[in-house]
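Scroll down for the structure; my scribbles are underneath it.
Where a number appears in this text, it was derived from the coordinates with a stated rule and is not lab data. All figures in this text were calculated on a predicted structure; none of them were measured in a lab. Don't worry about glycine lacking a Cβ; one is built from the backbone with ideal geometry, like all the others, and counts go over all protein chains shown.
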Amino acid sequence: MDIYYIPTVFFTLFFVVDPLGLMPVFIMYLSGYSEARRKSIIIRSILISIAVSIFFIILGKYLLRFLGISTGSFLVAGGILLFIIAMEMLLGRPSRAKMRDVNECGQPEDDKDISVFPLAIPMLCGPGNIAALVMFSTQAGGDAVKLAVIVALSVTVFLLAMAAMFFSVGISSFLRATGISIIQKLMGLILSAMSVQFIRNGLMELGIFR
């Protein structure tokens, strides 16, 4: 296994999920709930995100094969999607896929379950995260060790996101808007470089250039 494989997978997934950038949204959606209810929502959203991720890690390549999509084509498409997400992070624009209906969030309702939508999908496990997972799983080529590494790293990222959700108020007050913005832009810069590399690898897979 390449020495850069694990950090590449981890940082790509971490930057795409972007738990630090989502902290203001976590605060907005989780405010007003009782402590027990808030913990239940957070844990449930993380478990759902992990389940969805494992599904795409294990079955992603078979889904692409069923649809007749080559690995190279998906690498190019996934790289473009990740590049768009990186540009949104760099320009300070909220992702439309993640922030949909955020302004419609009113007072919490006891019978309203927000753990599935919008917390788990599309905030934590959105299109960018799914695309990255399928890319890595198809690149693994059935290697059980690499697939296990991808699962472990994906779970680790979601556990970090869970910690960010639990301590969102404290972390936000410590970093403040400026600190979060700086970190998000650095993430976006690194993710943009990674996305270009994915596109390059995809074009090589397609035989467009060596």
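Quick notes
- The fraction of all Cα pairs in the chain landing in successive 10 Å bins from 0 to the largest distance is 8, 34, 36, 17, 5, 0, given as whole percents.
- Taking chymotrypsin sites (Phe, Trp or Tyr not before Pro) across segment 3-58, the ones in a DSSP loop with at most 10 further Cβ atoms lying within 10 angstrom of their Cβ are Tyr4.
- Over the chain, Cα pairs under 8 Å with separation of 6+ residues give a relative contact order of 46 percent.
- Membrane-span-like helices of the chain, defined as complete DSSP H segments with a Cα extent of 24 Å or more along the helix axis and a mean Kyte hydropathy of at least -1.0, are identified as 35-67, 71-91, 144-166, 168-205.
- Amide N of segment 120-147 lying under 19 Å from the label point, which is placed 7 angstrom from the Cα of Ile80 along Cα→Cβ: 127-136
- Förster radius 41 Å - calculated FRET efficiency between Val116 and Met204, Cβ distance, rounded to 0.05: 0.60
- Footprinting exposure proxy for Leu30, Leu189, Leu22, Leu64 (fewest neighbouring C-beta atoms within 10 Å first): Leu189, Leu64, Leu30, Leu22
- Take the Cα of Phe66, step 7 Å toward its Cβ, do the same at Thr178, and the gap between the two points is 5.1 nm.
- Result for the chain in a Gaussian network model with C-alpha springs under 10 Å: among Leu119, Leu133, Leu160, the largest mean-square fluctuation is at Leu160.
- Residues Val9, Val76, arranged from fewest to most other Cβ atoms within 10 angstrom of their Cβ, appear as Val76, Val9.
- Using R0 = 25 Å, the C-beta based FRET efficiency linking Ser34 and Leu160 works out to 0.50.
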